[in-house]
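Remarks on the structure that follows.
The values are calculated or read from the model by the stated rules, or taken from the named source; none is laboratory data. Treat the numbers as computed from the prediction; the structure is a model and nothing was measured. A quick note on method: Cβ atoms are made from the backbone with ideal geometry, for glycine too, and the neighbour counts reach across all protein chains shown. Accessible surface areas use protein heavy atoms only, side chains included; no ligands, DNA or RNA. Shrake-Rupley method; radii C 1.70, N 1.55, O 1.52, S 1.80 Å.
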Amino acid sequence: MISNQILQSTVDGLKNIIRKDITIIDREGALVATTESDANPATLSFVNNVIQSPAENQLIQGSQYFKVLDNGITEYILVVRGDDEDAFRVGKLAAFHIQALMMAYKERFDRDNFIKNLLLDNLLLVDIYSRAKKLRIENGVRRVVYLVETNVDTDMSAVEVLRGIFPDRQKDFVTAVDETSIILVKELQDRDSAGEIEQIAETIVDTLSTEAMSRIYVAIGSVVTDLKNVSSSFKEARLAQEVGKIFEVEKQIVNYERLGIGRLIYQLPLPLCRIFINEMLQGFSIEDIDEEMFTTVTKFFENDLNVSETSRELFIHRNTLVYRLDKLQKLTRLDLRKFTDAITFKITLMVNRYMQYREKQQF
């Protein structure tokens, strides 16, 4: 149903055009929206009489009362002050506008509900295409799911901001799935490349980071061309989100199709991970590495094992870097200047991080 805030904004806009005060009351007699600074309490007392009357509008004590219907049931009563023909025309126009707004929101709700059920695999295959046809949702086009996560509650303002970025509601669907997550099902053009798909994610991050004043994470599923596969893209985005939290913590955008080795490690059972760690380190713990050493190793990997470039970026002498690498070799028996040992240690770090993540989830 339409929020009171939207109805208030609507009647304010209508007043600016028609220059008459408008009041909207719900079927229970509660004041929903008004442009009057001091709404007359007597107005509310006539609601039951108006609802029970078979007439769609009535003139009562100098005010025009109009029913706003939803499938033949009175949802709101719209009131315009005045008993002349001008007040009647204005009231009819305003009531028609509110009713059209209700229908538009109801259709959007039906479409959002369909997309939610589609994402959660709550629809039979035969129902997907029949309901999509009724809702005028085209099948056989390229779509991708973006899973947007914030560290604050996803109130309606965040959802509306995202809908503002992608206003074509016939093609793009935005809906909140829980307290901190929003889903965008985006229709793509045939010419849209992988780079353009990630550019959309960057737009989401930049806009919501400014509006929500919080850190935004966006996970991207794979591109699908059939409605029945939209749920697969959503599951992939979920997986990308989880894997990104473990192995790509510094990134705000994670693409399922670029998860790399992190995707493989995520599938490993914990007992196998423990066996691997013990075999590689033989009693030495990753936690024994101090922050200075860990920073050095991270920068060394970023520079493709280049000693000169790493020492330059760390503002240390080359010999100091060599000393740190030798120290790590004594602890782990792995010489990171050798490609094979570097790969082994990199995977060991990733497996250890995955184990820590999984163990925290168990408590």
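Rounded, prolate or oblate: pick one for the stretch 133-271, where a ≥ b ≥ c are the square roots of the eigenvalues of its C-alpha gyration tensor, a/c under 1.5 means rounded, and failing that, prolate if a/b is larger than b/c, else oblate. Provide the component values of the computation, followed by the final result.
Values: a/c = 1.72, a/b = 1.18, b/c = 1.46.
Oblate.
Rounded, prolate or oblate, given the Cα gyration tensor of the chain, with a/c below 1.5 counting as rounded?
The shape class here is prolate.
Which of SER37, VAL11, THR340 sits closest to the plus end of the dipole of the chain, meaning its Cα is farthest towards the positive end, when Lys and Arg get +1 and Asp and Glu get -1 on the C-beta?
THR340
Under 5 Å between amide hydrogens, which residues at least 5 positions from GLY82 or on another chain qualify, with H placed 1.01 Å from N in the peptide plane?
When sequence neighbours closer than 5 places are left aside, the close amide H contacts are SER63, GLN64.
For helix 339-361, what angle does its Cα long axis make with the longest principal axis of the chain, in degrees from 0 to 90 and rounded to 10?
40
Mind listing which GluC sites (Glu not before Pro) in the stretch 217-293 are in a DSSP loop and have 11 or fewer other Cβ atoms within 10 Å? Could the numbers behind the result be given before it?
Details: sites: GLU236, GLU242, GLU248, GLU250, GLU257, GLU279, GLU287, GLU291, GLU292; in loops: GLU248, GLU250.
Within the stretch 217-293, the qualifying GluC sites (Glu not before Pro) (loop, at most 11 other Cβ atoms within 10 Å) are GLU250.
Quote the charge dipole size of the stretch 1-152 about the Cα centre in Debye, to the nearest 20; the model charges only the Cβ of Lys and Arg (+1) and of Asp and Glu (-1). Numbers along the way, then the final one.
On the way: 18 positive and 20 negative charges, 139 e Å.
Charge dipole, the stretch 1-152, about its Cα centre: 660 debye, nearest 20.
What is the percent carbon and sulfur in the accessible area of the chain, measuring with a 1.4 Å probe over the protein chains and ignoring ligands?
Numbers: 10120 of 19720 Å².
Here carbon and sulfur together make up 51 percent of the probe-accessible area.
Please work out how much length the chain gains when fully extended from VAL322 to LEU69, using 0.36 nm per residue of separation minus the C-alpha to C-alpha distance, in nm with one decimal. Show your work: numbers first, answer last.
Values: separation 253, 0.36 × 253 = 91.08 nm, distance 7.87 nm.
Separation in residues times 0.36 nm, less the Cα-Cα distance, equals 83.2 nm.
Which angle between 0 and 90 degrees, to the nearest 10, do you get for helix 230-247 versus the longest principal axis of the chain when only C-alpha atoms count?
Tilt relative to the chain: about 50 degrees.
Around ARG312, what is the net charge, scoring Lys/Arg as +1 and Asp/Glu as -1 over all other residues with Cβ under 12 Å from its Cβ? Could the numbers behind the result be given before it?
Values: positive: LYS299, ARG318; negative: GLU309, GLU313.
Its environment carries a net charge of 0.
Averaged per residue, what accessible area in Å² does the chain show with a 1.4 Å probe, protein chains only? Walk me through the numbers before you get to the answer.
On the way: 19720 Å² over 363 residues.
Result: 54 Å² of accessible area for each residue.
What residues qualify as long-range amide H neighbours of LEU188, i.e. H under 5 Å apart, gap of 5 or more or another chain, H built at 1.01 Å from N?
Residues meeting the criterion, in which the H sits 1.01 Å from N, are ARG142, ARG143, VAL144.
Between PHE88 and SER3, what length comes free when the chain is fully extended (0.36 nm per residue of separation minus the Cα-Cα distance, one decimal in nm)?
Working: separation 85, 0.36 × 85 = 30.60 nm, distance 2.57 nm.
Full-extension gain reported as 28.0 nm.
Work out how much length ILE343 to ASP192 would gain on full extension: take 0.36 nm times their residue separation and subtract the Cα-Cα distance, in nm to one decimal. Provide the component values of the computation, followed by the final result.
Values: separation 151, 0.36 × 151 = 54.36 nm, distance 3.48 nm.
Between ILE343 and ASP192, full extension yields 50.9 nm more.
Counting Lys and Arg as +1 and Asp and Glu as -1, each charge on the Cβ, what is the dipole of the chain about the Cα centre in debye, to the nearest 20? Intermediate values should be presented prior to the final figure.
Numbers: 45 positive and 55 negative charges, 205 e Å.
With only Lys, Arg, Asp and Glu charged at Cβ, the dipole is about 980 debye.
Only helical DSSP H runs with n ≥ 4 go in: add -39500 (n - 2.57) per run for the chain, normalise by residue count and round the 222 nm mean residue ellipticity to 500 deg cm²/dmol. Present the calculation step by step, with values, prior to reporting the outcome.
Numbers: 14 runs with 194 residues, N = 363.
Helix-only estimate at 222 nm: -17000 deg cm²/dmol.
From the square roots a ≥ b ≥ c of the eigenvalues of the alpha-carbon gyration tensor of the stretch 236-300, which class results: rounded (a/c under 1.5), prolate (a/b over b/c), or oblate? Working shown, then result.
Values: a/c = 2.89, a/b = 1.34, b/c = 2.16.
The shape class here is oblate.
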